[in-house]
Every structure is written in structure tokens, then in C-alpha cells.
1. When residues of the range 12-61 are filtered for being touching a helix residue (DSSP H, G or I) at 6+ places or on another chain (Cβ under 9 Å), assigned to a strand (DSSP E or B) and either at pLDDT below 95 or farther than 18 Å from residue 74 by Cβ (or both), how many remain?
2. What number of residues within the range 44-61 satisfy the criterion of being within 17 Å of residue 29 (Cβ to Cβ) and within 13 Å of the chain's Cα centre (by Cα)?
3. Which condition number in (1) buried (at least 16 other Cβ atoms within 10 Å of the Cβ); (2) touching a helix residue (DSSP H, G or I) at 6+ places or on another chain (Cβ under 7 Å) is the one that residue 6 fails?
4. Of everything in the range 62-82, what is within 10 Å of the chain's Cα centre (by Cα) and either over 16 Å from residue 26 (Cβ atoms) or assigned to a strand (DSSP E or B) (or both)? Give them in sequence order.
């Protein structure tokens, strides 16, 4: 298993992308559009709510106010360098 670096900054950008900065200095962009479907993640389709994403657990995870989250390995492995 790959050791995933901690996130130091996250920014929501239109249309449903996350810009990620890691402790290694890597900057990546994650397309979250596939996660805005279904009952658990549908609230992310409201861009005002989507922008409320935050870092938790000292940069190990991200989360939205109502508990939606994405696995750290998904963020890291499915994002593209910017």
C-alpha cells in the first residue's frame, strides 16, 4: 500500500473540482463530479455546500459539514498533477 502524504490545503473550485496541496509540495486536482450523485453525496451538487469542504485529522482526511467524506487514497490516486 502506498503511503499517502498529508494534505496541507484544499480548495473547492468550479465545477466540482478540488485543488489539493500535499506536505510533499505536490499540487493535484481531483474531479468530484462522479461523487455528487446518490442519496449520500447528492448534497455536494449544491456548489455553495460543496465549497464548505475542510481538512480534518491534521490533513489526513477531508469532510463536509454533514459527514460526507472521500478516502485519502482516492483523492491522491485519482487526482492529476497541476
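1. 1
2. Residues flagged as within 17 Å of residue 29 (Cβ to Cβ) and within 13 Å of the chain's Cα centre (by Cα) within the range 44-61 amount to 5.
3. Of (1) buried (at least 16 other Cβ atoms within 10 Å of the Cβ); (2) touching a helix residue (DSSP H, G or I) at 6+ places or on another chain (Cβ under 7 Å), only one is false for residue 6: (1).
4. Hits for the range 62-82 are 62, 63, 64, 69, 70, 71.
The values are calculated or read from the model by the stated rules, or taken from the named source; none is laboratory data. Bear in mind the structure is a predicted one, so any value in this text is a computation, not a measurement. Cβ sites come from the backbone with ideal geometry, for glycine too, and all protein chains shown count toward neighbours.
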